[in-house]
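Report on the following structure.
The values are calculated or read from the model by the stated rules, or taken from the named source; none is laboratory data. All of these numbers come straight from a predicted model, not from anything done at the bench. We place every Cβ from the backbone using ideal geometry, glycine too, and count neighbours over all the protein chains shown. All accessible areas refer to the heavy atoms of the entire protein, side chains included, with ligands and DNA or RNA removed. Shrake-Rupley method; radii C 1.70, N 1.55, O 1.52, S 1.80 Å.
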Amino acid sequence: MKNTLYTIILFIGCHACTSVEVMEDGAETISRARSLHRSSKYVQNLQWDRATALVNRWGKVQVGVPFSRTVESSRSLDEYLIVSEAGKEEFVLQVQNDKGVPIKDVLSDFDKYSLPGFTGKVLKRDVNSEVSSGFVFQDGKMVGKVFGNQRKVKRGRNLERECWEVYSITYYTDGTTSEEHLYYFCIDEDDQEASTEDWGGGSGESSPTAECVDETENFFATSELENDQPLTTGQLERTRTYSWKAIVGLLYVIRSYEVGVHKRNSSSEPWKWHSLQHQGLSHSGLTVGYSLNYHTISSNPTIGQYWSNMALNVNLTIQYVCKGFPLSTSRDFSPNVNLNVG
């Protein structure tokens, strides 16, 4: 069966867990989100007439808006921009559904490691990025994690365009990997300038803090392994500790610490992964003009034979003052690192 790409909406967090449901009357919610929304340069051609208001399992209301764009691709991309009830752009999510499982069934269980009957990929990406990450399923069971990448493509002497190849690497639970080309996209020099057009249909009035810089934009996720040290060593079992740079700013580094256990059946056999556990985060560096807090939302290890992966979801919150106003911005990062059994 030919692969079909669908898009669903991903929500993170839990307060009072109930089932996902489509709002019976979402017109008011969609209208409010549309009036408050200011479209970024990246996401345009929004189809608000096809927008869907949803209530996630924790009671949060969000709106999914289809949009179209031009990419050089061998597959059809069905993408939704997810905005909050207050009109803030949040993320884009896609689903590659190999067996045609009803999208409502996938939506109701999307945040679980088991999707009954589902074979395919569930991918999420930031609004301003082409790089997706997510999970791959086989007959409802999670069998791998997907991490997106992109390579700059050389286009001769055409200096007015930057072109990129988007691809993903999947790390399977049996220790194997696969790489898949997704599509190409190009950016003209003019496209890299901020848009001044009001796409949201609102009043267009700017707030006193409209020109303030979101300090979280100066941080990015990394996967730089710094240290790999033995903790305990035996003939058939050993423990090692790992430290790596997970989030990096101009003068600031947040490190993650993991503990891995390796086992073998005899001293003549190679070591293989047995378990990997997240131990916590630490930081070093300076913050100039703001205060910073962080915490681990989730840690998800994928165990292979000779390679394993630790994928984190980390929240970063920054408090600062701009134009006399105290502000607080929060952003979630998804760093991950690959670890060899050694």
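Between residue 180 and residue 251, what length in nm is gained on full extension when 0.36 nm per residue of separation is reduced by their alpha carbon distance? If you can, show how the numbers build up before the last one.
On the way: separation 71, 0.36 × 71 = 25.56 nm, distance 3.51 nm.
Between residue 180 and residue 251, full extension yields an extra 22.1 nm.
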* Structure fact -> For the stretch 215-340, dividing by residue count, accessible area per residue (probe 1.4 Å) in Å² works out to 52
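Give the peptides 137-150, 89-102, 268-281, 224-237 in descending order of average Cβ contacts within 10 Å, highest first.
Numbers: 137-150: 17.4, 89-102: 19.0, 268-281: 14.2, 224-237: 10.8.
Final packing ranking: 89-102, 137-150, 268-281, 224-237.
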* Which distance in nm do the two modelled labels at residue 162 and residue 222 give, with both placed 7 Å along the Cα-to-Cβ direction? -> 2.0
* To do: With a 10 Å radius around each residue's Cβ, average the other Cβ atoms per peptide and rank 60-66, 48-54, highest first.
  => 60-66, 48-54
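Could you tell me what percent of the accessible area of the stretch 215-340 is made up of carbon and sulfur, with a 1.4 Å probe and every protein chain present? Intermediate results must be reported in sequence, preceding the final value.
Working: 3220 of 6490 Å².
Of all accessible area on the stretch 215-340, carbon and sulfur atoms account for 50 percent.
Students often get this wrong, so check it: of 88/121; 60/245; 88/145; 121/263; 121/141, which have C-alpha atoms separated by over 21 Å? Walk me through the numbers on the way to the answer.
Numbers: 88/121 26 Å; 60/245 32 Å; 88/145 28 Å; 121/263 31 Å; 121/141 11 Å.
Result: 88/121; 60/245; 88/145; 121/263 exceed 21 Å.
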* Hey, quick one: spin label on residue 259, modelled 7 Å out along Cα-Cβ, who in the stretch 277-300 has an amide N within reach, i.e. under 14 Å? -> 277-281
* Asked: For the stretch 206-342, rounded, prolate or oblate, judged on the Cα gyration tensor with a ≥ b ≥ c (square roots of eigenvalues), a/c < 1.5 rounded, else prolate if a/b > b/c?
  -> prolate
